[in-house]
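These notes are about the structure you will find just below.
The values are calculated or read from the model by the stated rules, or taken from the named source; none is laboratory data. Computed from a predicted structure; not experimentally measured. All Cβ positions, glycine included, derive from the backbone under ideal geometry; neighbour counts span all protein chains shown. SASA here: full protein model, heavy atoms, side chains in, ligands and nucleic acids out. Shrake-Rupley method; radii C 1.70, N 1.55, O 1.52, S 1.80 Å.
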Amino acid sequence: MSINNRNLIVLALTYWLYFGQLGVLVPYLGIFLDGRGFSSAEIGELFAVITLARILGPGIWANVADKTGNALGVLRLGTFLTVLTFSSVFYFSGFWGLTLSFGLMMMFWTAVLPQLEVITMQAVSKSKANYGQIRLWGSVGFICLTIAVGKALDVYSTDTPVVVSIGVLACLFLITLFISAPGAASKAEAAPGHIWQYMRQRPFAVFIFASVCLQISFGAYYGFFALYLRDLGYSGQQTGLFIALGVLAEVGIFLIAGRLIRTYGVWNLLFASIALTAIRWFALGVMAESATVIFISQLVHALSFGLTHAVSVHFIHQYLPSSFHSRGQAVYISVAFGFGGALGNYMAGQQWQQGTNAFETFTTAAIFAAVGALALLLCAKKAFDEQKNT
């Protein structure tokens, strides 16, 4: 087995653990906090505060990675400090203590994904594999751990997600020690100017705005979907299976994402995916009592998250010069997932009212997704799909 092929296997396992951790914490953090006696408003506020770390963190870490050319070193440091700071969750029980723990963890967690994406894109460029074939293992990890923790919650306490998280994070740090460093870009490849000159261009600005709207719309889903299903009478195992179904659909879409991008282009795929996401949220708010509706809405998750993410990573990689790749991924993650995610979590928490305003919350989410899709009409399709990074 060649060194590069072995490295691709290690990267696939890294994605498995990274997104497996998200599968442990993201769907069930609301249940953990509810078990600690937090109200829905407090849950939304805590989600918003810790998500704000995703605004500052990615830019800081990506700037270090791009300027030092040591993306792998930043990746390893981020995973190590994430384990260290997340351990403090066991020593706090109040709102501000847990907010501090999760906030610090998130600050270091943001060092991981942008660097992992860049390293993976560099690794697949030297092989016959494509990004989707490596990234899909993250979805597999999410599925496995989401189902396992969902089942465990039927047996053990609501502290289960944070206990499992520590073990997963420790394994994630250990696996990064086996990643081979990619070749650093030469000085001759450095692009003149600043990344902001690219961000001000209409295609990139419209892309970021649409991404922000999409992530705002995810606030209700990320913060309250598991609680919503529990309130509707679904068991923890059923909830885990529904969540896993959405991520299983991602696996399929990642396998064909490269072909879809080549056939239909970035603009068409983003517009269709975000528009269908708007319909998904509205359906959840109106007909979630029907298991069939939830089943179909979770299949749409392949587009809501899987395809939009694959297309976004591709767009940034082709639109920006190589010397701005880490910072470009960081801008996407910090602004869309950080600012958009924080605002979405806060708004959903204020609206939810212990589940009595579920319809209004998901309708608001649908409106934001629809605005994101319509925003793409402000930019020509060709501008999204033309190759800038040559």
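Of all residues in region 184-223, which are open to solvent by less than 20 Å² (accessible area, probe 1.4 Å) and at pLDDT below 85?
Once the filter is applied, which keeps residues that are open to solvent by less than 20 Å² (accessible area, probe 1.4 Å) and at pLDDT below 85, region 184-223 yields ILE195, GLY223.
Could you grab the pairs with beta carbons closer than 7 Å, sequence gap of 6+ or different chains, first residue in region 143-156 and in contact (Cβ under 8 Å) with a residue 40 or more places away in the chain, second one outside any helix (DSSP H, G or I) and open to solvent by 30 Å² or more (accessible area, probe 1.4 Å)?
ASP154/SER235
Hey, can you tell me all the residues within region 303-324 that are crowded, with 22+ Cβ neighbours inside 10 Å and farther than 24 Å from THR277 by Cα?
TYR319, LEU320, PHE324
Can you list residue pairs whose Cβ atoms sit under 7 Å apart, with the first residue in region 215-238 being more than 19 Å from ALA342 (Cα to Cα) and the second being outside any helix (DSSP H, G or I)? Count only pairs 6 or more apart in sequence or on different chains.
Once the first residue is more than 19 Å from ALA342 (Cα to Cα) and sits in region 215-238, its partners that are outside any helix (DSSP H, G or I) give TYR228/ALA288; LEU232/ALA288; LEU232/GLU289; SER235/ASP154; GLY236/ASP154; GLN237/ASP154.
Among the residues of region 114-130, is there at least one that is open to solvent by less than 50 Å² (accessible area, probe 1.4 Å), modelled with pLDDT under 80 and among the small types (Gly, Ala, Ser)?
Yes, region 114-130 contains a residue that is open to solvent by less than 50 Å² (accessible area, probe 1.4 Å), modelled with pLDDT under 80 and among the small types (Gly, Ala, Ser).
Could you check region 135-169 and list, in sequence order, the residues that are under 26 Å from ARG6 (Cα atoms), open to solvent by 10 Å² or more (accessible area, probe 1.4 Å) and under 20 Å from the mean Cα position of the chain (by Cα)?
Residues satisfying the conditions are LEU136, TRP137, VAL140, PHE142, ILE143, CYS144, LEU145, VAL168.
Can you list residue pairs whose Cβ atoms sit under 7 Å apart, with the first residue in region 4-26 being within 19 Å of GLY306 (Cβ to Cβ) and the second being basic (Lys, Arg)? Count only pairs 6 or more apart in sequence or on different chains.
TYR15/ARG135
Under 17 Å from the mean Cα position of the chain (by Cα) and open to solvent by 50 Å² or more (accessible area, probe 1.4 Å): is that true of LEU17 in this structure?
no
Residues of region 259-296 being of a type in the set (S, T, N, Q) and either open to solvent by less than 70 Å² (accessible area, probe 1.4 Å) or not in a helix (DSSP H, G or I) (or both), which ones?
ASN268, SER273, THR277, SER290
Is it the case, given these coordinates, that ARG327 is without any contact (Cβ under 8 Å) to a residue 24 or more places away in the chain, charged (D, E, K, R), part of a helix (DSSP H, G or I) and open to solvent by 10 Å² or more (accessible area, probe 1.4 Å)?
No: the conditions fail for ARG327.
So LEU72 ticks every box in (1) within 18 Å of PHE337 (Cβ to Cβ); (2) modelled with pLDDT of 85 or more; (3) aliphatic (A, V, I, L, M) but one. Which box is left unticked?
All conditions are met except number (1).
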